[in-house]
Amino acid sequence: MTRRVVILTKSDKHNGFCVAGRDINSGEWVRLENSRGVIDSKDLITKDGYECRELDIIEIELLSEKSDVEHQPENVLIDEQCYVQLLGRMTWPDIINKWGCDCTNTILGISQRPIGAYLGKPSIKIESRLNFYNSNNIKHKSLSFIKVYNVSFEINEFRGERKNHPKIKFQYENRQGELLDYYLTVTDPNYPNDESLPQGVVPEVYLIVSLGEVYEEDGKVYLLVAKVITDII
């Protein structure tokens, strides 16, 4: 079986990539995975040696379209023995014109509430999420394209140790017109955790946010920013 997908994220994940996009025909979100649960560079190679990148439209062979992760129904298993076929390219304005942005009460069902002077962690216990979604017959989803406001970046350090990825602060206008504050980790490799981060506040930015894997230490799933899009021209 094959899917035709436009690649929208190629973010860091376990020494490989988290590659997600949308089915060109149906608009459904698709997260590509190989046998070890990520995507490696070799998985995105065409027959003539080109490594596919964000905004490329590809045709890819799949072994399974059924996700084995309940809160990530978009996951599909690729056939690692087959080359990817490059069909064309899109632009970010093309993406926005075709599918628009999501606008919901919270981002993928998670809000960050103030705890003292800080925001709480952008996470939820996986059991609580699954129970609530299943009991209320809510369709699971772990990827979203959103527009956010008043965006700034910070070098991410914890107890004097610099982490692998930076932080992003922003406000999200929800369905009720409320501005919700968020403070998330960015896994987009175009934003390294160093002094090259953009300075100041950016009025408007588009993001692709992802609900990650279950974190074994606390049994929670966390919101991540897989793609930061500023060049909408």
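The values are calculated or read from the model by the stated rules, or taken from the named source; none is laboratory data. Being a predicted model, the structure only gives us computed values, none of them experimental. Note that we place each Cβ from the backbone using ideal geometry, even for glycine, and neighbour counts take in every protein chain shown. Just the protein is used for accessible areas: all its heavy atoms, side chains included, with ligands, DNA and RNA removed. Shrake-Rupley method; radii C 1.70, N 1.55, O 1.52, S 1.80 Å.
A few points about this structure:
- For region 39-54, the condition holds for at least one residue, the condition being that it is closer than 25 Å to H14 by Cβ, touching a residue at least 60 places away in the same chain (Cβ under 8 Å) and of a type outside the set (A, V, I, L, M).
- L32 vs. criteria under 15 Å from Q72 (Cα atoms), in contact (Cβ under 8 Å) with a residue 40 or more places away in the chain and not basic (K, R): yes
- The residue list Y183, Y172, Y149 contains one member that is open to solvent by less than 30 Å² (accessible area, probe 1.4 Å), in a strand (DSSP E or B) and aromatic (F, W, Y), which is Y172.
- Residue tally, condition touching a residue at least 12 places away in the same chain (Cβ under 8 Å), within 25 Å of I115 (Cβ to Cβ) and not acidic (D, E), over region 175-192: 10
- Tallying residues that are open to solvent by less than 60 Å² (accessible area, probe 1.4 Å) and assigned to a loop (DSSP other than H, G, I, E, B) within region 32-72 yields 12.
- Of the residues screened, V209 is not one that is touching a residue at least 24 places away in the same chain (Cβ under 8 Å) and loosely packed, with under 14 Cβ neighbours inside 10 Å.
- Qualifying residues in region 1-20 (those that are within 18 Å of L77 (Cβ to Cβ) and free of Cβ contacts under 8 Å to residues at least 60 places away in the same chain) - the one surrounded by the fewest Cβ atoms within 10 Å (Cβ to Cβ): H14
- Residue count for region 131-149, restricted to those that are under 13 Å from E204 (Cα atoms) and in contact with a Pro (Cβ under 7 Å, 6 or more places away or on another chain): 1.
- Residue ID - surrounded by the fewest Cβ atoms within 10 Å (Cβ to Cβ), chosen from residues in region 21-31 that are assigned to a strand (DSSP E or B) and out of contact with any Asp or Glu (no Cβ under 7 Å at 6 or more places or on another chain): D23
- Conditions (1) exposed (fewer than 12 other Cβ atoms within 10 Å of the Cβ); (2) closer than 18 Å to L224 by Cα; (3) at pLDDT 95 or above; number of the one not met by D102: (1)
- Residue satisfying all of: in region 54-71; under 18 Å from S210 (Cβ atoms) and out of contact with any Asp or Glu (no Cβ under 8 Å at 6 or more places or on another chain); modelled with the lowest pLDDT among these: D68
- Within region 128-136, none of the residues are open to solvent by less than 30 Å² (accessible area, probe 1.4 Å) and more than 21 Å from E74 (Cβ to Cβ).
- Selection from region 186-206 of residues that are hydrophobic (A, V, I, L, M, F, W, C) and either open to solvent by less than 50 Å² (accessible area, probe 1.4 Å) or under 17 Å from E157 (Cα atoms) (or both): V186, L197, V202, V205
- Hey, V19 closer than 14 Å to I57 by Cα and under 18 Å from the mean Cα position of the chain (by Cα) or not: yes
- Scope region 137-174; condition in contact with a strand residue (DSSP E or B) (Cβ under 9 Å, 6 or more places away or on another chain), without any contact (Cβ under 8 Å) to a residue 40 or more places away in the chain, more than 30 Å from V76 (Cα to Cα) and not hydrophobic (A, V, I, L, M, F, W, C); matching residues: N156, K169, Q171
- Boolean, F170 is at pLDDT below 95 and at negative phi: no
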